[in-house]
Amino acid sequence: CQLQGTIDDCTCQIDTETVDQFNNYKVYPRLSSLLSKDYFRYFQVNLKRPCPFWDDDGSCSFEFCQVKTCREEDVPAGLKGQRAKIKPFTAKDYSYGGNEDCADEDLGSINLTLSEETQAGFERWKVYDQSLVDFCTVKDEIDSDMQYVDLLLNPERYTGYKGPSAIRVWDAIYKENCFRSLGASNSLGPFGTDSSEEVCIEKRTFYRAISGLHASINTHLSSKYLLSDSSGSLFKKGKPEPEWGLNVTEFLNHFEKPEARKTGFPWLKNLYFLYLMELRAIWKASTFLRNFDLYTGNSEDDADLKDAVKDLLTVVGNFPSHFDEKALFSTKDSMKLRSEFHERFTNITRIMDCVGCQKCKLWGKLQVKGLGTALKILFSEPPNFTRGQQEFLSRNEIVALFNAFGRLSESIHQLENFRRMIGPGGKGG
Ligand code: FAD
């Protein structure tokens, strides 16, 4: 895990050391505190949707795979009525009675006051197909099987999920959905140093984002590994909690595979790559996020929450060189590529319903939704989220985006701990 050098493909001049410093000292402490707040800890998810690709393999009997859902009454009232509480952000009229029809009226009135530049943006926007923007096409918010999950009660960590079920899911993702040539050895990253010139930047980006997510998940399970379990059953009352912590051997087993060695440990660099993508998405949406009505119903908490979000956005804005999404989809073949990109991403969203461990499925779905939200921001025209588009992102998308970014931030923070334990001349060097 002794990573060095620039992170290629982000079309920004950034090396891993700069990201480490920025993340570990500026972003990680702020984000960890922010994500413990009520607004960000309750996520709505459907964990019951059947796998559309193969029969459930029943591996969810693992004890550590269980998800503790929360009762409706545990969730702050303001979050449950979130849609009714949305205040449209308009320069004209900020007083709002609170129903959605009013919101539409207000949005309509904004168009009249658009600057020429913004109007031109809307015109350009018409050529896009909105369905290609919503990368997470599964409309979770209107799903009757949606449950609230308290993320703090269900931390992402080692669950014991591995073997054929887990491999089948990763294989489905890589072989069918990552623009990877079929028949290639699963063990070798398709965009290693030798072949990167042959593959266009959009396809590399797609692969690197998924690989970065995979690297992050495996870093988490190695850094919150089950070290001892004297409790017998996790759910037995009065038993001590098991002990979780760093497991260097587990970490090396994931990242020291011969196939990873051959290509110079690209998987961990993909984690940095994905971090830069989501960082940029948050920065690009920062005006929207600053004005979004983050509301839980507790005015004191809400004031702290807004301050904390603004503080984080200021830090994010000070990052020296952001990921440049304009390098993607910029040629004449872009629309076709973009539609293919979208289709494959939608498939990955569906594959998450096939994960045979509820806890892994929860965090997998959240992180894919967060990535989908980041892509939606990166490939949207600015008018869609600067003025009067309060509903461009739902609360659940914002929660997913910040928590997904929080996962990457924690992974990079944990790499520092692994580096310390392994040492410069250690096995991982
Ligand atoms: P795997 O991680 O299963 O990888 C399969 C193959 O993919 C490897 O042999 C390698 O060739 C390739 N590969 C590995 N990493 C990368 C990468 N970063 N980029 C490109 N290729 C790669 N387990 C938990 O304990 N807790 C969790 O929360 C959890 N969440 C999961 C979420 C999802 C969506 C899935 C599919 C699995 C999850 N797992 C979780 C299981 C975990 O990711 C591993 O599958 C498991 O630990 C077995 O690891 P492995 O080293 O055998 O190879």
If I filter the stretch 309-332 down to residues being under 27 Å from residue 38 (Cα atoms), among the aliphatic types (A, V, I, L, M) and touching a residue at least 40 places away in the same chain (Cβ under 8 Å), which single residue comes out as surrounded by the most Cβ atoms within 10 Å (Cβ to Cβ)? 309
Residue count, the stretch 352-386, condition surrounded by fewer than 21 Cβ atoms within 10 Å (Cβ to Cβ), modelled with pLDDT of 90 or more and of a type in the set (Val, Ile, Thr), comes to 0
Condition test on residue 246, is it touching a Ser or Thr at 6+ places or on another chain (Cβ under 6 Å) and modelled with pLDDT of 80 or more? yes
Among (1) within 16 Å of the ligand (Cβ to nearest atom); (2) under 30 Å from residue 23 (Cα atoms), residue 351 falls short only on (2)
Scan the stretch 74-91 for residues that are β-branched (Val, Ile, Thr) and at pLDDT below 55 and jot them down. 86, 90
Selection count, the stretch 59-73, where residues are out of contact with any Gly (no Cβ under 7 Å at 6 or more places or on another chain) and modelled with pLDDT under 85: 7
Could we say that residue 1 is closer than 28 Å to residue 207 by Cα, at pLDDT below 80 and in contact with a Lys or Arg (Cβ under 6 Å, 6 or more places away or on another chain) here? yes
Take the residues of the stretch 200-220 that are among the hydroxyl-bearing types (Ser, Thr, Tyr) and modelled with pLDDT under 95: which is farthest from the ligand (Cβ to nearest atom)? 205
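The values are calculated or read from the model by the stated rules, or taken from the named source; none is laboratory data. In this text, all values refer to a predicted model and were calculated from it rather than measured experimentally. Neighbour counts are summed over all protein chains in view; Cβ atoms, including those assigned to glycine, are modelled from backbone coordinates with ideal geometry.
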